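The values are calculated or read from the model by the stated rules, or taken from the named source; none is laboratory data. Quick caveat: nothing in here was measured; it's all calculated off a predicted structure. Backbone-built Cβ (ideal geometry, glycine too); neighbour counts: all protein chains shown.
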């Protein structure tokens, strides 16, 4: 063993000891700061009604982000999450109104989303095309098909009982969509920490060549990750439709920026190999709190985009610099 490798192995425990708490603490501090700031500046923020609204708004984003987190953990990217939400929502509402599927629409939407994700993964792995290019193309394809189904207009569902799936309240002041999101998060954390797929996600993202050498079927697990991204995007799509009462052309339009922002701010590296769904929850809370609080303060939509982009950049830079300074 060389001197350099010895130094690396000796330093690695210290990196793990300091870098993990720092990366985890920063998003938590941002979340607490936002809660305190908006509570002091807006009387409507710290109310049960508003916090219930925040939970509903954040839930669909969290569900969509969880599957995407596994894709990013493997060092890939999926830009089509918002388009899959739109397409699944548009197709599901057509099927629901035509065949009166009711609650059975939920698993159908998840299967349809998983198939869309599998298509992305297959083209990416078998075609040897960068995931950025593949999902950028599928974003356009999925959006175009969805808008064709909707004919450029919003379509409401006819089964009024379906709204209970998202906006009903098994727990007072907490919409059911938040329970779906919590369940999806718990399952995702379990998968990331205690399953082969979760362990391989970190290994592939940390070093694809090493994973190949170790005999891991990298392409197969990448397809699994894209399937997970599509499946959860499908769930987010149908729950968003249930919550809004209709599927319209703007469904999922803000997910491209918000999903990537939430995952990065939460502490998952776009380079892959570090982070995970446990951190994505905090990132989603930050984005949801910012959107809600800035709206209550009357900040314009355009300025909100500027602030959100600045927060994302600051979060990434601060996290990286803090870790590097402590390790040194």
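Of note:
Quick grid of which residues meet (1) touching a strand residue (DSSP E or B) at 6+ places or on another chain (Cβ under 7 Å); (2) not in a helix (DSSP H, G or I):
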| residue | (1), (2) |
| --- | --- |
| 234 | no, no |
| 241 | yes, no |
| 251 | no, yes |
| 269 | no, yes |
| 279 | no, no |
| 292 | no, no |
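- Unique match (being farther than 23 Å from residue 280 by Cα, surrounded by fewer than 22 Cβ atoms within 10 Å (Cβ to Cβ) and at pLDDT 95 or above) among 95, 87, 115: 115
- Those residues of the range 253-267 which are part of a loop (DSSP other than H, G, I, E, B) and crowded, with 21+ Cβ neighbours inside 10 Å, in sequence order: 267
- Options 248, 230, 237: the member that is surrounded by fewer than 24 Cβ atoms within 10 Å (Cβ to Cβ) and touching a residue at least 12 places away in the same chain (Cβ under 8 Å): 248
- Residue count, the range 204-214 (criterion: without any contact (Cβ under 8 Å) to a residue 40 or more places away in the chain, under 14 Å from residue 272 (Cβ atoms) and surrounded by 13 or more Cβ atoms within 10 Å (Cβ to Cβ)): 1
- Any hit, the range 121-143, residues being assigned to a strand (DSSP E or B) and either surrounded by 14 or more Cβ atoms within 10 Å (Cβ to Cβ) or in contact with a helix residue (DSSP H, G or I) (Cβ under 7 Å, 6 or more places away or on another chain) (or both): no
- Scanning the range 177-186 turns up one or more residues that are exposed (fewer than 14 other Cβ atoms within 10 Å of the Cβ) and part of a helix (DSSP H, G or I).
- Here is the figure for the range 147-176: residues that are surrounded by 15 or more Cβ atoms within 10 Å (Cβ to Cβ) and more than 15 Å from residue 244 (Cβ to Cβ) total 3.
To keep it simple, each residue is scored yes or no on (1) closer than 28 Å to residue 251 by Cβ; (2) surrounded by fewer than 12 Cβ atoms within 10 Å (Cβ to Cβ); (3) at pLDDT 90 or above.
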| site | (1), (2), (3) |
| --- | --- |
| 5 | no, yes, no |
| 10 | no, yes, no |
| 13 | no, yes, no |
| 16 | no, yes, no |
| 19 | no, no, no |
| 54 | yes, no, yes |
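- Looking across the range 59-84 at every residue that is more than 15 Å from residue 228 (Cβ to Cβ) and surrounded by fewer than 24 Cβ atoms within 10 Å (Cβ to Cβ), the one that is modelled with the highest pLDDT is identified as 79.
- Checked against the criterion of being over 21 Å from the mean Cα position of the chain (by Cα), over 22 Å from residue 79 (Cα atoms) and outside any helix (DSSP H, G or I), the range 193-211 has at least one qualifying residue.
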